[in-house]
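Heads up: the structure comes next, in structure tokens.
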Amino acid sequence: MAYDPSNIFARILRGEIPCDKVHETEHTLAFHDIHPQAPVHVLVIPKGSYVSWDDFSAKASDAEIAGFVRAVGEVARLVGVDAGGYRLLANHGANSHQEVPHLHVHIAGGRPLGPLLMKAG
Ligand code: 5GP
């Protein structure tokens with residue numbers, strides 16, 4: 001899938017629409033999810049143009065990958081979910097119901113989160 005530069009997170013990165021920023025590095029931006037599904041629900045995105053985890057893991061540089069992994073951990077500590085525990089989630093493609101075609105890792109926490117996946121309907 002080709003990267004679509006009109007996606008909403010690309011627009012946030014370009015400053016065309018606002019976000020509630022939590023953290024920023026050379027390679028990453030983190031901001032609160034607009035429709036939080038837990039008391040803490042933050043999204044961490046790379047600044048590079050990567051559609052999803054599949055794209056990022058295949059094409060990103062070592063510096064981007066290391067920076068992204070470190071940023072996710074830093075953000076979790078920054079928002080205070082490291083002690084109580086948190087869940088990381090990254091959707092890729094149709095079966096995962098990925099809505100925004102720019103890689104993002106969800107950090108969710110602040111309460112017991114229950115089972116990992118919904119049962120198939
Ligand atoms: P996905 O289903 O692609 O893994 O998750 C996309 C997430 O992006 C959803 O949780 C949704 O609430 C969030 N989201 C969509 N549009 C915006 C936006 O404009 N701003 C922010 N902060 N989050 C958004």
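Here are the numbers for this structure:
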read-out	value
GluC sites (Glu not before Pro) within the range 59-105: DSSP coil, no more than 13 neighbouring Cβ in 10 Å	GLU99
Spin-label model distance (nm) - HIS35 vs LEU89, 7 Å beyond Cα toward Cβ	1.2 nm
Amide H within-cut-off set for HIS23, under 5 Å, with H built and near neighbours excluded	ALA30
Compactness relative to 2.2 N^0.38 Å, alpha carbon Rg of the range 8-109	1.00
Charge dipole (debye, nearest 20) of the chain; +1 at Cβ of Lys and Arg, -1 at Cβ of Asp and Glu	300 debye
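Every number in this text was worked out from the coordinates using simple rules, so none of it is lab data. Quantities reported herein were computed from a predicted structural model and do not represent experimental measurements. Don't worry about glycine lacking a Cβ; one is built from the backbone with ideal geometry, like all the others, and counts go over all protein chains shown.
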